């Protein structure tokens, strides 16, 4: 057997620009190939934490993401989450490549959010506020910029040094960025929630009438980044209804607060991109994702194809 190519984060960034990430996800949904065969994620306890397995099949592509979540990461000075994605050929099930899982997760998560923004945000939307100071915050700003060219980005976080570091990274990428506060949601067109918060991170009553909000920070039924008021007022799009009802605290807790399900979920992402969802004029728009394996498979297959085309023969 020949050696299996390793595709690192730098290669992934180089071969797949953000717009191509978004296009690949959109094409998979429009074609009907996605979400494909996407079993629920599996958690396996181990002595130092747990393993997370996320297999999936979309069209001719098969893959599984394997993450190790270390409960003692600080002691060993390693990242809390590490892992790989293994891509397979759908027909032979021969492995075709191994990819850096952290970068793949950034690409597919921010890519999905940008896809939702492409279809939800008004064409003139040009300002973003991002909650969070981790890699997802930076990735979301860059991905959203690819579908709605941003004139300004505001960064909000709990620690000033971390906020200013995100601002620096975005400025280096050519964006006009500044540190801000939660109340600044009143002056932007798009809000991206990329936090580990358990409670809502902003007052939804401050939003502009047709503001678009994406929330990606949690896949736990008891945690949320947005409040019930927003779920009740907004046109709400979820990655998939089944996953939202079992994992998305933003939706589940709003249902517990009495919001009817047909109000809490207007449709899924596939319905949105195929034009089967009516977006209410004059109301906010909300996209909630929990990170399903189908998007890993789609982006990984696209990366592998692009990387192998550029590989020296």
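The values are calculated or read from the model by the stated rules, or taken from the named source; none is laboratory data. Values in this document were obtained by computation on a predicted structure and should not be read as measured data. Reconstructed Cβ throughout: ideal geometry from the backbone, glycine too, with neighbour counts over all protein chains shown.
Within region 41-58, track down each residue that is within 14 Å of residue 297 (Cα to Cα) and part of a loop (DSSP other than H, G, I, E, B). The answer is 41, and nothing else. Restricting the search to helices (runs of 4 or more DSSP H) fully inside region 88-175 and requiring at least 2 residues that are closer than 27 Å to residue 58 by Cα and in contact (Cβ under 8 Å) with a residue 60 or more places away in the chain gives 101-120, 135-147. Entry remark, region 261-306: residues being in contact (Cβ under 8 Å) with a residue 60 or more places away in the chain, surrounded by 23 or more Cβ atoms within 10 Å (Cβ to Cβ) and touching a strand residue (DSSP E or B) at 6+ places or on another chain (Cβ under 7 Å) number 16 in total. All conditions in (1) at pLDDT 95 or above; (2) in contact with a helix residue (DSSP H, G or I) (Cβ under 9 Å, 6 or more places away or on another chain); (3) at negative phi hold for residue 32, with the sole exception of (3). Of the set (1) in contact with a strand residue (DSSP E or B) (Cβ under 6 Å, 6 or more places away or on another chain); (2) assigned to a loop (DSSP other than H, G, I, E, B); (3) at pLDDT below 95, all apply to residue 78 but (1). The number of residues in region 2-31 that are without any contact (Cβ under 8 Å) to a residue 60 or more places away in the chain and in a loop (DSSP other than H, G, I, E, B) comes to 2. The single condition from (1) surrounded by 19 or more Cβ atoms within 10 Å (Cβ to Cβ); (2) farther than 23 Å from residue 121 by Cα that residue 198 fails is (1).
Mind telling me which of the residues 245, 309 ends up being surrounded by fewer than 23 Cβ atoms within 10 Å (Cβ to Cβ), at pLDDT below 95 and either not in a loop (DSSP other than H, G, I, E, B) or not assigned by TED's automatic domain parsing to the domain that holds residue 223 (or both)?
Selected residue: 309, the only one of 245, 309 that is surrounded by fewer than 23 Cβ atoms within 10 Å (Cβ to Cβ), at pLDDT below 95 and either not in a loop (DSSP other than H, G, I, E, B) or not assigned by TED's automatic domain parsing to the domain that holds residue 223 (or both).
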